[in-house]
Amino acid sequence: MENAKKAWTIAKDENGYPVYKDGVKYLQVSTDEVYGSLSKDYDTAIDLVIDDDEVKKVVKNRTNLKTYGKKFFTEKTALDPRSPYSASKASADHIVIAYGETYKMPINITRCSNNYGPYHFPEKLIPLMIKNVLEGKKLPVYGKGDNVRDWLYVEDHCKGIDLVLRNADIYEIYNIGGFNEEQKY
């Protein structure tokens, strides 16, 4: 971040803050894992009812949306990481926010759900399950097998990142998800 600040600074304003080149923005691509875990309120997925008009725009033309819980993460949800990985991502998010606050650096943060798609690392859940099925191996169960995760196709994640880079107000955080909750086995 310091290198970006140095490369993008073209002057100082009357208060001594950096003035940045036009069109630059630091984007932190984070994870929804920084929020911790949501409760699983239902044993089987139920129909998802969306009351928020802005969310309805995002999921228009989508049918049969389901949920396992009463709550979703929002951009206002407190960070509550539960693994070293998610704690490191939350720490990085805080550093990015601090650069925005301290140096008025134009920043955004995206927090995405699990991605899947081509060239996915073979030890990750979806490719591992496919590989094991094709090879006639047992399917691994993670923990108690009752974790629920949202899944987003990688190209959809890229589209979300592009939208944030091009159109987002600076200093905002955006969750990018797929409304595709699935029980993780």
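So is residue 24 among the β-branched types (Val, Ile, Thr) and touching a residue at least 24 places away in the same chain (Cβ under 8 Å) or not?
Numbers: among the β-branched types (Val, Ile, Thr): yes; touching a residue at least 24 places away in the same chain (Cβ under 8 Å): yes.
For residue 24, the condition - among the β-branched types (Val, Ile, Thr) and touching a residue at least 24 places away in the same chain (Cβ under 8 Å) - is met.
Restricting the search to the stretch 130-151, which residues are modelled with pLDDT of 85 or more and either within 20 Å of residue 33 (Cβ to Cβ) or of a type outside the set (A, V, I, L, M, F, W, C) (or both)? Quick ask: steps written out before the conclusion?
Of all residues in the stretch 130-151, those modelled with pLDDT of 85 or more come to 130-139.
Passing the criteria: 131, 132, 135, 136, 137, 138.
List, please: which pairs have Cβ atoms under 8 Å, are six or more places apart or on different chains, and start with a residue in the stretch 61-81 that is closer than 24 Å to residue 172 by Cβ and end with one that is basic (Lys, Arg)?
Pairs found: 73/111; 75/111; 81/89.
Using the structure shown, decide if residue 14 is within 17 Å of the chain's Cα centre (by Cα), of a type in the set (D, E, K, R) and not in a strand (DSSP E or B).
Details: within 17 Å of the chain's Cα centre (by Cα): no; of a type in the set (D, E, K, R): yes; not in a strand (DSSP E or B): yes.
Here the answer is no, as residue 14 does not meet what is asked.
Here are the criteria: (1) at pLDDT 90 or above; (2) crowded, with 17+ Cβ neighbours inside 10 Å; (3) more than 26 Å from residue 27 (Cβ to Cβ). Tell me which single one residue 173 does not satisfy.
It fails just one condition, (3).
Every residue in the stretch 80-96 that is within 16 Å of the chain's Cα centre (by Cα) and in a helix (DSSP H, G or I), please.
85, 86, 87, 88, 89, 90, 91, 92, 93, 94, 96
The values are calculated or read from the model by the stated rules, or taken from the named source; none is laboratory data. Quick caveat: nothing in here was measured; it's all calculated off a predicted structure. Quick reminder, even Gly has a Cβ in these numbers, built from the backbone with ideal geometry, and neighbours come from all protein chains shown.
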